[in-house]
1. Step by step: first the residues of the stretch 18-61, then only those that are within 9 Å of the ligand (Cβ to nearest atom) and hydroxyl-bearing (Ser, Thr, Tyr), then the one that is least open to solvent (accessible area, probe 1.4 Å). Which residue is that?
2. Considering the stretch 89-98 alone, what residues qualify as being buried (at least 22 other Cβ atoms within 10 Å of the Cβ) and hydrophobic (A, V, I, L, M, F, W, C)?
3. Can you find a residue in the stretch 193-208 that is within 23 Å of SER251 (Cα to Cα) and in contact with a Pro (Cβ under 7 Å, 6 or more places away or on another chain)?
4. All but one of (1) in the same structural domain as ARG42 (by the TED database); (2) farther than 24 Å from ARG27 by Cα hold for HIS83; state the number of the condition that does not hold.
5. If I ask for residues that are more than 17 Å from the chain's Cα centre (by Cα) and either modelled with pLDDT of 95 or more or surrounded by 13 or more Cβ atoms within 10 Å (Cβ to Cβ) (or both), which ones from the stretch 6-17 would you list?
6. Of these, ARG199, ARG239, which one is within 22 Å of LEU77 (Cα to Cα) and out of contact with any Leu (no Cβ under 7 Å at 6 or more places or on another chain)?
Amino acid sequence: MMNYEPDPPDTAAPAPAVHADDLTVTRGPRTVLHHLRFTVPRGRITGLLGPSGCGKSTLMRAIVGTQAKVTGTLDVLGRPAGHPTLRSRIGYVTQAPSVYDDLTVRQNLDYFAAILDPGRAAADRRHQHVTQAIADVDLTSHADALAGNLSGGQRGRVSLAVALLGTPELLVLDEPTVGLDPVLRRDLWQLFHDLAATRGTTLLVSSHVMDEAERCHRLILMREGELLAEDTPGALRSRTGADTVEAAFLSLVDEAAGRTRESTR
Ligand SMILES: Nc1ncnc2c1ncn2[C@@H]1O[C@H](COP(=O)(O)OP(=O)(O)OP(=O)(O)O)[C@@H](O)[C@H]1O
C-alpha cells in the first residue's frame, strides 16, 4: 500500500485550516462530541477515522457550519465555523449524493456553476470549470448521461465534482469511498493527493475503513465522541508498536479503557 509519510518539516507552519478546542456538540438529549481538541493542517489530507456512530459526520457538519448546539472554539480557515465568508471557500460532500436525477451530469454541474459564478460574462469560465470538474472525477465519458441512470459510486463522484467547482480551499468529504470498487477507490485517493499537491487543497476525509488510514498524511482517531489520537499513521503505529493503523487503533482503545478503569477505582 502507498505510504505518504513523513510530514514535511514544520518550518513557518501556516495557521491550521481547522482549529478546535474544547469542542462539544449535543444532539437531542445526548452529548455526541466531548471536549475535542485538534488541528487540521493546510494542504494535507487528514483522515477522520472511527467506528460507525462515533461522531464523524457530526464533527464534519460542525466544521462546515451546519450543525446546531456547538460550543467551544472551532475556527475554520481563520474564521469561526459557519461564518458567511466561508461558504465559497469550503466544499462539502455528504454521504448521500446531492444531485438532480433528471439532469445530466453536465447540466447538474452547469446549474451549480451558475449559482457560484452567475452572469453571461462568466459563461466561458463556467464552461471551463465544469469541464475540468467532470474530468477531475473521471466522468467525461458520462457527461451527457442522466444522473438518475448512474451507479451509486458515479453519482457520488458527481457530488464531488460539484464540490470542486468553486476551487475550495477546504474539502470536507464524508465517507467518499463507501461502495466503490478497489480501482475507483485507488483513483479517488489519487485525485485527493493531486488536489493537495497541485492546488494546495486541504482535505478532511472520513472513513470507518481503517485500511484507508495509510493513504492519509495525518489522522484523527475517534471513538464514542472522544478523540483517541491525532498524529501521522507512522507515528501512531510506532507509538503503539502496532503493524497497522487498525491494530494501533485497538491498542489505543484498550489504553483508554485502562485509564477509565484506573480513574474509577
Ligand atoms: N438527528 C440526531 N439526533 C440525535 N442524535 C443523533 C442525530 N444524528 C446522529 N445522532 C447521534 O449522534 C452520534 C454521532 O452520529 P454521527 O452520524 O456523527 O456518527 P458517524 O461516526 O458519522 O457514523 P457513521 O460512520 O455511521 O456515519 C450517534 O450516536 C448518533 O446516534
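1. Of the stretch 18-61, the ones within 9 Å of the ligand (Cβ to nearest atom) are 25-30, 32-33, 48, 50-61.
Now restrict to residues that are hydroxyl-bearing (Ser, Thr, Tyr): 26, 52, 57-58.
On the way: THR26: 46, SER52: 104, SER57: 38, THR58: 11 Å².
Taking the candidates together, the pick is THR58.
2. Passing the criteria: ILE90, VAL93.
3. Yes, because at least one residue in the stretch 193-208 is within 23 Å of SER251 (Cα to Cα) and in contact with a Pro (Cβ under 7 Å, 6 or more places away or on another chain).
4. (2)
5. Taking the stretch 6-17 first, the residues more than 17 Å from the chain's Cα centre (by Cα) are 6-15.
The one that is more than 17 Å from the chain's Cα centre (by Cα) and either modelled with pLDDT of 95 or more or surrounded by 13 or more Cβ atoms within 10 Å (Cβ to Cβ) (or both): ASP7.
6. Numbers: ARG239 fails: within 22 Å of LEU77 (Cα to Cα).
Result: ARG199 is the single residue among ARG199, ARG239 that is within 22 Å of LEU77 (Cα to Cα) and out of contact with any Leu (no Cβ under 7 Å at 6 or more places or on another chain).
To keep it simple, each residue is scored yes or no on (1) at pLDDT 95 or above; (2) surrounded by fewer than 19 Cβ atoms within 10 Å (Cβ to Cβ); (3) not in a strand (DSSP E or B).
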| site | (1), (2), (3) |
| --- | --- |
| GLY82 | yes, yes, yes |
| ARG87 | no, yes, yes |
| ASN108 | yes, no, yes |
| TYR111 | yes, yes, yes |
| ASP138 | no, yes, yes |
| SER141 | yes, yes, yes |
| GLY148 | yes, yes, yes |
| GLY156 | no, no, yes |
| GLU175 | no, no, yes |
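So that you can scan it fast, the table gives a plain yes or no per residue for (1) closer than 26 Å to VAL25 by Cβ; (2) touching a residue at least 12 places away in the same chain (Cβ under 8 Å); (3) touching a Gly at 6+ places or on another chain (Cβ under 7 Å); (4) among the polar types (S, T, N, Q):
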site	(1), (2), (3), (4)
GLU224	yes, yes, no, no
ALA229	yes, yes, no, no
ARG237	no, no, no, no
GLY241	no, no, no, no
GLU246	no, yes, no, no
PHE249	yes, yes, no, no
ALA256	yes, yes, no, no
ARG259	yes, no, no, no
GLU262	no, no, no, no
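The values are calculated or read from the model by the stated rules, or taken from the named source; none is laboratory data. Fair warning: this is a prediction, and the values are worked out from it, not measured in the lab. With ideal geometry, Cβ positions are generated from the backbone for all residues, glycine too; neighbour counts draw on all protein chains shown. These accessible areas exclude ligands, DNA and RNA; they are computed on the full protein's heavy atoms, side chains included. Shrake-Rupley method; radii C 1.70, N 1.55, O 1.52, S 1.80 Å.
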